[in-house]
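*Asks:* I'd like to ask you about the structure that follows.
Each value in this text was obtained by applying a stated rule to the coordinates, not by laboratory testing. For clarity, every value in this text was computed on a predicted model and none was experimentally measured. Note that each Cβ is placed from the backbone with ideal geometry, even for glycine, and that neighbours are counted across all protein chains shown.
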């Protein structure tokens, strides 16, 4: 779909701040995926943990800032484990309630997305207005969680309590980041800008997590060094082991012409490139084993309905 120049100009003017946008039909189609080998792990395992209907929100970050209330300096949204906060431990997470099926108490979280032309509920609170994040928090319309395998080898189970991060909340400063935005109906295109979606199409944040594990630890001082992304050929480098690759897609019904932005550190200016997400694996080992077997056998599987 090609928009008229006038309509696109109006949408950009009314939409995201600072012109950090991309009309999705102007974004190039993604490069073809890596070719699979006979040893590939080609299955998919889907998990339905809801879309945060309980509205579990806080300004904590149990992975990067454990024990520090409001340590994120922006508000995170959660699905899965209902107890996750700054004081969470492996033991408390393993004992908590969850929105996921099969006793999966994993926690999945990312910064909220806000409509910035409205006043938010937390305009005077940490994570909200105190840290420069203002506006009405927009609940997700859908959260899709899937695990996939490796295009070149079988995968091994993730260890319980493995911590994963994707993206860089300081990307505006560092020049890094792995932000991937798209629109429904255009899932073969991704941008690191706020996407301008055509009418009826949802804004989508697509998170892909690292899937090469060091085989020893569930965390590291940087919270990143114990896992890494595969190479361009899809293979993990020697000394690391392929684990199931987590993919989370969060979709929103953004009202037409309304400005929106993600929460960020104050100095990161809500830049779309700073998008990021985190995960703590608290699946029962039997469920992780079933997930891994599904991927390695090339099947399409899912957990039972909640």
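*Asks:* What do you get for Rg/Rh of the chain when both radii come from the Cα atoms and Rh is the Kirkwood radius? Walk me through the numbers before you get to the answer.
*Replies:* Working: Rg = 19.0 Å, Rh = 19.9 Å.
With Rg and the Kirkwood Rh in hand, the quotient comes to 0.96.
*Asks:* I would also like to ask the following. Sort 24-34, 50-60 for me by packing, meaning the mean count of neighbouring Cβ atoms within 10 Å per residue, highest on top. Walk me through the numbers on the way to the answer.
*Replies:* Numbers: 24-34: 12.7, 50-60: 17.3.
So the peptides 24-34, 50-60, ranked by packing, come out 50-60, 24-34.
*Asks:* Need one word for segment 141-205: rounded, prolate or oblate. Basis is the Cα gyration tensor (sqrt eigenvalues a ≥ b ≥ c); a/c below 1.5 gives rounded, then a/b vs b/c decides. Could you put the intermediate results ahead of the total?
*Replies:* Working: a/c = 2.17, a/b = 1.39, b/c = 1.56.
It comes out oblate by the Cα gyration axes.
*Asks:* Sticking with this one: Using only Cα atoms, find the angle between the long axis of helix 285-296 and the longest principal axis of the chain, and express it within 0 to 90 degrees, rounded to the nearest 10.
*Replies:* 80 degrees
*Asks:* Still on this structure: Evaluate the distance, in nm, between pseudo-label points positioned 7 Å from the Cα of residue 125 and of residue 39 along their respective Cα→Cβ axes.
*Replies:* Placing both labels 7 Å beyond Cα along the Cβ direction yields 5.1 nm.
*Asks:* Helix 5-14 versus the longest principal axis of the chain: what is the Cα-based angle in degrees, 0 to 90, to the nearest 10?
*Replies:* With both axes taken from Cα atoms, the answer is about 80 degrees.
*Asks:* Let me ask something additional. When the gyration tensor of segment 109-245 is built from Cα positions, what are the square roots of 5 times its three eigenvalues, in whole Å, from largest to smallest? The partial results should precede the final answer.
*Replies:* Working: eigenvalues 198, 79, 36 Å².
Values for segment 109-245, descending: 31, 20, 13 Å.
*Asks:* Next question, about the same structure. To two decimal places, what compactness ratio does segment 254-306 give when its Cα radius of gyration is scaled by 2.2 N^0.38 Å? If you can, show how the numbers build up before the last one.
*Replies:* On the way: Rg = 18.7 Å, N = 53, 2.2 N^0.38 = 9.9 Å.
It is 1.88.
*Asks:* If you don't mind, another one. How do 216-224, 164-172 rank on mean C-beta neighbours within 10 Å, highest first?
*Replies:* Values: 216-224: 13.3, 164-172: 21.7.
Per-residue Cβ counts within 10 Å, averaged per peptide and sorted highest first, yield 164-172, 216-224.
*Asks:* How long are the semi-axes of the equivalent ellipsoid of segment 200-289, defined as square roots of 5 times the Cα gyration tensor eigenvalues? Whole Å, largest first. Walk me through the numbers before you get to the answer.
*Replies:* Values: eigenvalues 189, 56, 38 Å².
Computed over segment 200-289, the values are 31, 17, 14 Å.
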